[in-house]
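Beneath this line is the structure, given in structure tokens, with notes to follow.
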Amino acid sequence: MLRLTVSPEEYLMINDNIKIVFLGGSKNNLRIMVDAPKEVRVVRSTALENQVQTAGERAKLPKFYAVPDPPEKYRKPKAR
């Protein structure tokens, strides 16, 4: 898993044909734009979870959790 810090309007390229543009947002929400060919399936996690019928199938779905902030000793000191 790769964790990145990006600025608004920066983008990521995946292969030569998928572009993810970060449009900005707030602390709890982020707006992105995905430019991908029609053959590439792009689905929200909540849509996938709503399609699943059984608990067994739901357990097989990938789970990702936010990484907590690093401990204070690993953070850069704030400029004053």
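Every number here is computed from the coordinates shown, using simple stated rules; none is lab data. The structure displayed is predicted, hence computed values, not measured ones. A quick note on method: Cβ atoms are made from the backbone with ideal geometry, for glycine too, and the neighbour counts reach across all protein chains shown.
General remarks:
- Of the peptides 30-40, 14-24, the order by per-residue mean of other Cβ atoms within 10 Å, starting with the highest, comes out as 14-24, 30-40.
- Surrounding net charge for Val40, when Lys and Arg each add one and Asp and Glu each subtract one, Cβ distance under 13 Å: 0
- Here's the picture: charge each Lys and Arg Cβ at +1 and each Asp and Glu Cβ at -1 in the chain, and of Ile20, Leu4, Pro62 the one pushed furthest to the positive end of that dipole is Leu4.
- R0 of 41 Å, Cβ-Cβ distance Arg31-Gln53: FRET efficiency to nearest 0.05: 0.85
- Fraction in percent of alpha-carbon pairs per bin - 5 Å, the chain: 3, 9, 14, 17, 19, 16, 10, 6, 3, 1, 0
- Electrostatic bookkeeping for Val52 treats Lys and Arg as +1 and Asp and Glu as -1; over the other residues with beta carbon under 11 Å from its beta carbon, the sum is 0.
- Cβ-based net charge around Gly24, under 11 Å, with every Lys or Arg adding one and every Asp or Glu removing one: -1
- Hypothetical label at Lys76: residues of segment 1-36 whose amide nitrogen lies under 14 Å (7 Å Cα-Cβ projection): 5-7
- Cα gyration tensor, segment 22-63 - rounded (a/c under 1.5), prolate or oblate: oblate
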